[in-house]
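What follows is a short report on a single structure.
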Amino acid sequence: MAQKVAPIKEETFFSEELGEEVSLLMYLPTSFSPLSHHHLLIAQDGGDYFKLGRIARFVEELTEEQTIEDLIVVGIPYKDIQDRRRKYHPDGSQFNSYIRFLAHELIPFLEERFPLLPLGRGRALIGDSLAATVSLMAALHYPHTFGKVIMQSPYVDGKVLEAIDAFSQPSLLSIYHQIGKQETAVKTTDGKIKDFYTINQKLHEQMVHKGFECIYEEFDGDHRWTYWQPLLKDILKKMFAIS
């Protein structure tokens, strides 16, 4: 018998920070109750996490097994490659606005609709590649708002390393960090070839030196959903385990 998965709800609202309509994909497991406080997971590359990552199915399975805390997933899909780069890349024209949108607009918007835990550790950000980058940077900017970050093969540059080095409250964040051993020649959206593997090792070493609570894993694979998707269920189990 096929597992029942609740439908993904779609909603839009206007962001003053971004000056545009933002689409949201929202998943509430079938066991959702308005009487219980829920953890929140916000996915950059939201459409990909639902379609390619199968995140709703994994959350449903783990919730049914009572393996993870009550969890709501909200995905934010990108409009196109250019839109993604503007919002997710540290040099993107909307990068800072997007981070402010997450903290100052999206969280209040979701708090009005769902019973969410009021603590930073109850709110997580997830992303792959550039989506992982902006997730990390948002948490570094607002560690009391976002206490958990899940990064699958993040893009890392000097600005990311500088932000980690300058961050003074590593005890506020819990980070899950994955990189593929074959991610040594990744073609980025600007057409360049970059070594993600080596600089992610450097990022991890820097986070350890700073005292971050961090799970770090290297997988046998490269920069594709073929490798990210099978790892996602285990990530959810570790980051949202029932305490």
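The values are calculated or read from the model by the stated rules, or taken from the named source; none is laboratory data. Just so it is clear, the model here is predicted, and its values are computed rather than measured. Because the Cβ atoms are built from the backbone with ideal geometry, glycine has one as well, and the counts that use them run over all protein chains shown. With ligands, DNA and RNA removed, areas are computed over all heavy atoms of the protein, side chains included. Shrake-Rupley method; radii C 1.70, N 1.55, O 1.52, S 1.80 Å.
Side notes on the structure shown:
- Candidate set: the stretch 5-30, residues that are assigned to a loop (DSSP other than H, G, I, E, B) and among the acidic types (Asp, Glu); chosen: the one most open to solvent (accessible area, probe 1.4 Å): 16
- In the stretch 172-226, the qualifying residues are those that are part of a strand (DSSP E or B) and either at positive phi or among the polar types (S, T, N, Q) (or both), and the one that is surrounded by the fewest Cβ atoms within 10 Å (Cβ to Cβ) is 174.
- Of all the criteria given as (1) within 30 Å of residue 64 (Cα to Cα); (2) at pLDDT 95 or above, the one not satisfied by residue 243 is (2).
- Condition met for residue 134 (among the aliphatic types (A, V, I, L, M) and in contact with a Gly (Cβ under 7 Å, 6 or more places away or on another chain)): yes
- Among all positions in the stretch 31-43, there is at least one residue which is within 18 Å of residue 237 (Cα to Cα), open to solvent by less than 10 Å² (accessible area, probe 1.4 Å) and touching an Asp or Glu at 6+ places or on another chain (Cβ under 7 Å).
- Checked against (1) crowded, with 21+ Cβ neighbours inside 10 Å; (2) on the phi < 0 side of the Ramachandran plot, residue 145 passes all but condition (1).
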